[in-house]
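The values are calculated or read from the model by the stated rules, or taken from the named source; none is laboratory data. Worth saying up front: this structure is predicted, and the values here are computed from it rather than measured. Cβ placement follows ideal geometry from the backbone for every residue including glycine, while neighbour counts extend to all protein chains displayed. For the accessible areas, the whole protein counts, side chains as well, though only heavy atoms, and no ligand, DNA or RNA atoms are used. Shrake-Rupley method; radii C 1.70, N 1.55, O 1.52, S 1.80 Å.
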Amino acid sequence: MRGRLGRTVGMAALLTVFLAAACTSSPRPPGAEPTRSPSPPSSPSPSPSGGCGQYPTPACTGVPKGTKLTKLKLNMDGETLRITKRGTKLDAVHVPGNLLITANDVEITNSRIDGQIMGIYDDKRYSFTVADSTVGAPNRCDTAPGILDANFTATRVHIRGHGDGFSVSGDNVTITDSYVLLCSNPGDHSDGIQTVGASKNLTFHHNTVDQRKAPSHTAPVFLVDATEGVVVTDNLLIGGTYTLQVRTAPGAIARNNAVVNESWDFGPASIDCGNTTWEDNKLVTIDDNYNVTAVVGPLECPT
């Protein structure tokens, strides 16, 4: 996303970066890089919030149905909750604004955050995990990304009310089993996931990104920076200019993704085929519940 960061408060350094750029895991010590496999998990874990079909939907992502949430008070300029203690666990809470993480190994589960989740402040990045949580308000469209921007794992997350779903500007990001319904404001460049600058170790596995309600858009998957270790697999992708865009450092993997037929403006994919392992991607049709109704045919790497 190459626009303003919306409601973020007291973060001039982060705003400058973006204006210039156009299954819970265990926490890890700061500075330690995990051993990463080039292949994602073979199958998704079941969601406590209910069953899914072939791909994630609102029914099996976000805050599990029946969860009683405790509303937290904002402690930063009236718009943001700032977390400063390492290892903080937020479970079954409602944050009525942004969540700013300025400590490592923070865990967020079964919670609702009405604004953004941000793990960067004063040019420093902090590690966190978020699972079975809803990010974004249901009654507005915020141009800013839902979650950013490095050293995080997101599992069964439901992002709504944001022009961008995930923004990645650093290393070690894993996003799985999540659902993103995008919106846009005039002049936005909406993306489901976007990289901003070089990074490494990015896995985007078994997610649904629906961009049909974001008329000012770029792509559900927009990875066009010199990112190393990119894995994009088993996703359902809808909308965009070119729906699936992968032009990264050599070694990227794009496998078994389903692009909804004729949901794009210009084409289903824009790929650096020489730098990308491209296998078993396909064009599909779906019903209103994101179930695949037909496989139209294989999606060849465009040349």
Q) Around residue 112, with a cut-off of 14 angstrom between Cβ atoms, what is the net charge of the other residues, counting Lys and Arg +1 and Asp and Glu -1? A) +2
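Defining a contact as two alpha carbons under 8 Å apart and six or more residues distant in sequence, what relative contact order in percent does region 120-241 show?
21
Nearest 0.05, what FRET efficiency do residue 273 and residue 124 give at R0 = 30 Å with Cβ-Cβ as r? Numbers along the way, then the final one.
Working: r = 37 Å, r/R0 = 1.24.
My answer for the efficiency is 0.20.
Run the numbers on region 70-298 and let me know its relative contact order in percent, using alpha-carbon pairs under 8 Å that are six or more apart.
On the way: 761 pairs, mean separation 22.8, N = 229.
Over region 70-298, the number comes to 10 percent.
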Q. Taking K and R as +1 and D and E as -1, what net charge do the other residues with C-beta under 12 Å from the C-beta of residue 82 add up to?
A. -1
Q | Pair residue 280, residue 303: separation of 7 Å Cα→Cβ label points (nm) | A | 2.4
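Take the solvent-accessible surface of the protein heavy atoms, probe 1.4 Å, and return the percent of it on region 70-298 that carbon and sulfur atoms account for. Before the final figure, lay out each step's value.
On the way: 3370 of 7560 Å².
Percent of accessible area from carbon and sulfur atoms in region 70-298: 45.
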Q. What are the residues whose amide H is under 5 Å from the amide H of residue 164, where those residues sit 5 or more places off or on another chain and H is modelled from the backbone?
A. 146, 191
Q | Solvent exposure of region 123-265 as accessible area per residue, Å², 1.4 Å probe | A | 25
